[in-house]
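A short write-up of the structure that comes next.
Taken together, the values in this text are just the output of simple stated rules run on the coordinates, not laboratory data. These figures come from a predicted structure and were not determined experimentally. No Cβ is skipped: glycine too gets one built from the backbone with ideal geometry, and neighbour counts run over all protein chains shown.
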Amino acid sequence: MTVSHPIATSSPLPLRACTECDLVSEVPRLSPGEAAHCPRCHHVLAQRHNKPATHVVAYALSALIALGLALPFTFISFEARGVKRAMGLSEAANTLLQQHYEALSFLIWWGIIILPAIYLSVSIYLHLGPLWNYTPVARRGFGRLLKRMEPWMMADVFLIGVLVSMVKILALAEIGFGVSFWAYAAFVILMLKTTRVMDHDWLWTFIGGPDRPLRHARAGRTGRQQNMTGCPVCYTLNELDSDQRGHCRRCSGALRLRKYRSLQTTLALLVTSIILYIPAMTLPIMTVTTLGDSSPQTVIAGVMHLWGSGDWPIALIIFVASVVIPIAKILALGWLSWKVWRPYPSRPLLRHRLYSMTELIGRWSMIDVFVVALLVALVRLGSVMSIYPGLGVIAFAGVVILTMLAAICFDPRLLWDNPRDQQDSVNEFVAPTGTS
Ligand SMILES: [Zn+2]
Ligand SMILES: [Zn+2]
């Protein structure tokens, strides 16, 4: 369902400032399965789920068990020219560590095992509170942590990376999936289900109390016009002090009217990622050694090789994920940043959709990094056939992380801001009308 266009009344229902476009709207009382969308940018303002605590605990616990089962057994087995090899999940990261690619090894451990495990454990800890009738210690801090971890979860991207790696070496060897692979696949599905059933509103009502309406808040105007802002963690509408800063009254997180130096940070990250994009594309991401012959492979060479051997769907996936998405993200964010400087923004919805897309697809570029990590760990048959990582993969991972950070630092509300609002809000808050 969609929230009807807000009418300026002092309603007892909580008002929400959209974290994407800053419009303050009234959120109706929702039943399980319903969602309220922002009338201006259609972003989800609130969503109700049925029995969120029970479902989150059930799915998160199952996901943790599946992750635990994915660690000790064989993940993938590999047989080429009479030589057999079985690899566990943790070997993908450990092999990189042995080859002095510490940063990459850390990234893989962190993205596919440690971070999801922390996320699931924190989810269980917080949601068991209402089920077992206890108040979790440091619940606000854990609640904020949960929200901040979400963009960095890479388990589903890794799983696609596994499938792509298998296609890459299918012509060279016989591949078998072990118990750990199936456990990891189950973990990914359960993990996605956990994030789907999580009701952040419900959770924050338990953690920080109900979302109480603000006396001065008016629907139909922007947060900026009222010197208010929506909390990006718990969505509560908050009043800011005279220097446009404050703390959330529900989750205690630090707030600003707009993200601190959003454009400068975004542009700095974009420029760095453009510089890194050059070695990422020109340096080899891995070197394949077969019977003493070494052939370094860049991202593009890998795509051409796949295309040439008839695996064009995989070639297309890698080309889009590794070449098109990073450059499209850089161009899109650069263009959006430039547009923010225009005095009167036009077609903000179109720009907002472009931004949402860059945010959504960014982490999928990590596929090729995972492919290299897996191939390096798996194909270690000495002089018969071995794969070694190349410096290009570090630069490439850098591009993906920097563009993800750039998207996070960019404040989408700037796309909707009207320069006159700031002046209006200053006038209004210097001399409040006091009509509320
Ligand atoms: Zn909105
Ligand atoms: Zn908050």
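Take the conditions more than 16 Å from ligand 1 (Cβ to nearest atom), outside any helix (DSSP H, G or I) and either of a type outside the set (A, V, I, L, M, F, W, C) or in contact with a Pro (Cβ under 7 Å, 6 or more places away or on another chain) (or both) and apply them to residue 279. Does it pass? In short, no.
Restricting region 212-259 to residues that are surrounded by fewer than 17 Cβ atoms within 10 Å (Cβ to Cβ) and part of a strand (DSSP E or B), the residue that is nearest to ligand 1 (Cβ to nearest atom) is 256. When only residues in region 30-66 that are away from ligand 1 (no atom under 16 Å from the Cβ) and charged (D, E, K, R) count, which is farthest from residue 18 (Cα to Cα)? If we take residues in region 30-66 being away from ligand 1 (no atom under 16 Å from the Cβ) and charged (D, E, K, R), then 51 is farthest from residue 18 (Cα to Cα).
As a summary of the residue check, residue 184 satisfies the conditions (1) more than 16 Å from ligand 2 (Cβ to nearest atom); (2) of a type outside the set (A, V, I, L, M); (3) under 23 Å from residue 412 (Cβ atoms) except for the one numbered (3).
When 283, 276, 270, 255 are screened for being over 30 Å from residue 386 (Cα atoms) and in contact with a helix residue (DSSP H, G or I) (Cβ under 9 Å, 6 or more places away or on another chain), only 270 passes.
For region 39-60, a residue qualifies if it is of a type in the set (Gly, Ala, Ser) and touching a residue at least 60 places away in the same chain (Cβ under 8 Å), and the qualifying residues are 46, 53, 60. Among the criteria (1) surrounded by 20 or more Cβ atoms within 10 Å (Cβ to Cβ); (2) closer than 26 Å to residue 58 by Cβ; (3) touching a Phe, Trp or Tyr at 6+ places or on another chain (Cβ under 9 Å), the one residue 193 does not fulfil is (1). Restricting the search to strands (runs of 3 or more DSSP E) fully inside region 15-99 and requiring at least 2 residues that are more than 16 Å from ligand 2 (Cβ to nearest atom) gives 24-26, 35-37, 44-47, 74-80, 83-88. Is region 80-97 home to any residue that is touching a Leu at 6+ places or on another chain (Cβ under 9 Å), within 30 Å of residue 34 (Cβ to Cβ) and among the β-branched types (Val, Ile, Thr)? Checking region 80-97: not a single residue is touching a Leu at 6+ places or on another chain (Cβ under 9 Å), within 30 Å of residue 34 (Cβ to Cβ) and among the β-branched types (Val, Ile, Thr).
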